Every structure is written in structure tokens, then in C-alpha cells.
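First the structure, in the form of C-alpha cells, and then the observations on it.
The values are calculated or read from the model by the stated rules, or taken from the named source; none is laboratory data. Fair warning: this is a prediction, and the values are worked out from it, not measured in the lab. Positions of Cβ are backbone-derived with ideal geometry, glycine not excepted, and every protein chain shown enters the neighbour counts. SASA here: full protein model, heavy atoms, side chains in, ligands and nucleic acids out. Shrake-Rupley method; radii C 1.70, N 1.55, O 1.52, S 1.80 Å.
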Amino acid sequence: QVQLVESGGGLVQAGGSLRLSCAASGRTFSTGAMGWFRQAPGQEREFVAAINWSGRDTNYADAVKGRFTISRDNAKNTVSLQMNILKPDDSAVYYCAVRKGPRASSREVEYDYWGQGTQVTVSS
């Protein structure tokens, strides 16, 4: 079993930055890929970023490329999402997720465990 707890959300003005963190417990963390997804009110949850088990391979949704950076520290069992140049459209609940497989994936169905989410609100 893996438990995930997100932190770092909050209210920020457009153009600002936030860093989300996800602390994981459980033995599958170091060998599983991690991802960040988000869900805005009235919308479906969507992919944001993913990182493979080693941290060497990442991929991003087009909407966040060049602004967001995903990273992980397997020694500390954490994954982070650095978000820069934030826009009001980035406002959402952000979820971290882990999958048992090692490859980074943008597909929500491939993730096995999910956190409870952290709210990010970007004001214009």
C-alpha cells in the first residue's frame, strides 16, 4: 500500500510561482513512476506532468511545458512540481499519483494510488 500526501497549494497572483510537494510512504515508491494531475471545477481531471522511476524521463502537458518542472527524490520519498508563470487557468485541485510501473505515463488509468489533492488558486 502507498499513501500520498500533497502540500504547497495556495493562492497566488498571476505570474507568480508555487511549489507543490508530495510525500509518499510505501515500498513501491522508488520503483514506480509518479504523476501530477489537476481538476478544475466542472471539468474532468487532466494530466499535468509525469516522471519515471529514476527521475531521468519526464513529460508534460502542452499547457504547462516550459513553466512547470517535475522532480523526485527517491531517498526522501518525495515528488515535487515547481510551477512558474502561473495563470488563472492553472487554478485547480492538484493530485499526485504513483503507478507500479516504472515508465512515466500521462494516462490516469495507469496510476494505482492517489493523494487527496491540494488546491491551487491563481488570481488575475
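Just a few scattered comments:
- Reported count of residues in the range 107-124, each being under 11 Å from the mean Cα position of the chain (by Cα) and not aromatic (Phe, Trp, Tyr), is 3.
- Selection count where residues are farther than 18 Å from residue 64 by Cα and surrounded by fewer than 21 Cβ atoms within 10 Å (Cβ to Cβ), scope the range 30-49: 4
The rows are residues; the columns are (1) in contact (Cβ under 8 Å) with a residue 40 or more places away in the chain; (2) surrounded by fewer than 16 Cβ atoms within 10 Å (Cβ to Cβ).
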site: 4; (1), (2): yes, no
site: 10; (1), (2): yes, yes
site: 26; (1), (2): yes, yes
site: 53; (1), (2): yes, no
site: 56; (1), (2): no, yes
site: 60; (1), (2): no, no
site: 69; (1), (2): no, no
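- Among the residues listed as 63, 14, the single one being more than 18 Å from residue 106 (Cβ to Cβ), among the hydrophobic types (A, V, I, L, M, F, W, C) and at pLDDT 95 or above: 14
- The residue that is most open to solvent (accessible area, probe 1.4 Å), counting only those in the range 85-115 that are touching a strand residue (DSSP E or B) at 6+ places or on another chain (Cβ under 7 Å) and more than 18 Å from residue 50 (Cβ to Cβ), is 87.
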